[in-house]
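Single-structure report; data block below.
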Amino acid sequence: MTVEDRFSDLDVQVRAQDGFEILTVRGEVDMASAPQLQAALEKAREGGKTLVVDMTQVGFLGSAGLSALLIVSKSAPDQLRVVASREVARPIELTGLDKLLAVYDTLDAAIAAEARSSSS
């Protein structure tokens, strides 16, 4: 299986864990698949819980995917955490969105950071 095959289709799974909505995203987030990601983010946000978007299995994040994250972040700025693979972190950093999005290396770090900020 090539890297392209591994990341070709978008799959978004949602589960509740420790008071969070965890969205696990696998595949590529491009112009064609970004609406699917945005719809999943918006639906998960309806519950009012902090969203943790695990994108460690995403092989490509295009501008449409960045836009989807930004739109959801603007509607709930303190309720979105992104767990990024190298392929996801790079475009976030290059566009300066790391100043607006809370980006973490691991799911555990994203959850722990939320716990610290809510206790202050």
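The values are calculated or read from the model by the stated rules, or taken from the named source; none is laboratory data. Just so it is clear, the model here is predicted, and its values are computed rather than measured. Counting neighbours? That spans all protein chains shown, and the Cβs are built from the backbone with ideal geometry, glycine included. In case anyone asks, the SASA skips ligands and DNA or RNA and just uses the protein heavy atoms, side chains included. Shrake-Rupley method; radii C 1.70, N 1.55, O 1.52, S 1.80 Å.
Figures for the structure shown
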| item | result |
| --- | --- |
| Percent carbon-and-sulfur accessible area, the chain, ignoring ligands, DNA and RNA, probe 1.4 Å | 50 percent |
| Residue order for K49, K43 - accessible surface, 1.4 angstrom probe, largest first | K43, K49 |
| E42 paired with L94, simple spin-label distance in nm, labels 7 Å along Cα-to-beta-carbon | 2.8 nm |
| Ranking by accessible area, most exposed first, for R86, R81, R15 with a 1.4 Å probe | R86, R15, R81 |
| Charge context of I22, other residues only, Cβ under 10 angstrom, K/R +1, D/E -1 | 0 |
| Backbone N within segment 47-63 under 18 Å of label point (7 Å from D9 Cα along the Cβ vector) | 57-60 |
| For segment 8-120, accessible area per residue (1.4 Å probe, heavy atoms of protein chains only), Å² | 52 Å² |
| Prolate/oblate/rounded label for segment 45-93 (Cα gyration tensor, a/c 1.5) | prolate |
| Accessible area of F60 in the full protein assembly, 1.4 Å probe (Å², nearest 10) | 90 Å² |
| Solvent-accessible area of D11 with every protein chain in place, 1.4 Å probe, in Å² to the nearest 10 | 60 Å² |
| In Å², nearest 10: area of K74 left accessible to a 1.4 Å probe | 150 Å² |
| Residue with peak Gaussian network fluctuation, the chain [Cα springs, cutoff 10 Å], from A84, A44, A76 | A76 |
| For the chain, Kirkwood radius (reciprocal of mean inverse C-alpha pair distance, Å) | 14.1 Å |
| Förster radius 22 Å - calculated FRET efficiency between A109 and Q57 (Cβ-Cβ, nearest 0.05) | 0.85 |
| Within a Gaussian network of the chain (alpha carbon springs, distance under 10 Å), most fluctuating of E21, E87, E46 | E46 |
